[in-house]
1. Go through 92, 150, 75 for me and flag whichever is under 18 Å from the mean Cα position of the chain (by Cα) and not in a helix (DSSP H, G or I).
2. Here are some residues: 63, 100, 118. Which one is part of a helix (DSSP H, G or I), farther than 18 Å from residue 33 by Cα, of a type in the set (A, V, I, L, M) and in contact with a Phe, Trp or Tyr (Cβ under 7 Å, 6 or more places away or on another chain)?
3. Identify, please: which residue in the stretch 121-159 is among the polar types (S, T, N, Q) and touching a residue at least 40 places away in the same chain (Cβ under 8 Å) and is, among those, surrounded by the most Cβ atoms within 10 Å (Cβ to Cβ)?
4. Which residues, taken from the stretch 161-201, are at pLDDT 95 or above and not in a helix (DSSP H, G or I)?
5. Scanning the stretch 103-112 for residues that are closer than 15 Å to residue 177 by Cα and free of Cβ contacts under 8 Å to residues at least 60 places away in the same chain, which turns out surrounded by the most Cβ atoms within 10 Å (Cβ to Cβ)?
6. I want to confirm something. Restricting to the stretch 14-53 and keeping residues that are over 18 Å from the mean Cα position of the chain (by Cα) and among the polar types (S, T, N, Q), which single residue is farthest from residue 190 (Cα to Cα)?
7. In the stretch 172-189, which residues are of a type in the set (A, V, I, L, M, F, W, C), farther than 18 Å from residue 17 by Cβ and surrounded by 14 or more Cβ atoms within 10 Å (Cβ to Cβ)?
8. Looking at the stretch 1-28 only, could you name the residues that are charged (D, E, K, R) and either buried (at least 18 other Cβ atoms within 10 Å of the Cβ) or at pLDDT below 90 (or both)?
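The values are calculated or read from the model by the stated rules, or taken from the named source; none is laboratory data. Keep in mind that this is a model prediction, so the values were computed, not measured. So basically every Cβ, Gly included, is an ideal-geometry build from the backbone, and we count neighbours across all protein chains shown.
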Amino acid sequence: MNEEDVKNILGLQLPTDPRWVDLASISMEDILTDHAYCEQKAATTCISLIQRYSDKAEMVTALAPIVTEEWGHFRLVLAELQKRGLVLGKQRKDIYVNKLIEFQQKGGSIEDRFLDQLLTMALIEARSCERFKRLSEGLNDDYMRKFYRRFMESEAGHYTLFIELAETYIDKDKVRKRWTEWLAYEADVMQQLEVRGDRIH
């Protein structure tokens, strides 16, 4: 996936540093552990959104199967760890996600906060999909390339779902304007973060 594909397909303004896959390939235990927790957090965040905004029927209906899918992904990664004789290990601080949360509007209206929560999820899903594609193309291990190809294909539509949900409840022009701001901010975050092979993000 080249820079143009990243922008056209996922909307991201900055592709992953090519060095990341090489570093990840020698840290698969760490990558699998971090990946497992990413899937777990994706499922629990969707549950949290359902609980917090239970009056938004279309969102509840749309996110319910995503919870099941993300938890299924967690189980797949956990099974891969166990197959290798490894344990899950401890959850690590996700600096990338924490940086995104810093950009969320803390005051303002409920609508503004709701919008930022959905767009945060959209960005995380887009970046995760891009990283899975990198792994599916760049790892030397054929089995692991196929393993991550499955995740890439499964995750590909998730980021657009969160944007579509935002546009279901909020003016589309407002959503698009804020999404543009989010993309610029995320690109800046990516430039500042150290390239590490033991993290999905």
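1. 92
2. That would be 118, the only listed residue that is part of a helix (DSSP H, G or I), farther than 18 Å from residue 33 by Cα, of a type in the set (A, V, I, L, M) and in contact with a Phe, Trp or Tyr (Cβ under 7 Å, 6 or more places away or on another chain).
3. Per the stated criteria, the residue is 128.
4. Hits for the stretch 161-201 are 170, 171.
5. That would be 112.
6. 51
7. Across the stretch 172-189, the qualifying residues are 175, 179, 182.
8. Hits for the stretch 1-28 are 3, 4, 5, 7.
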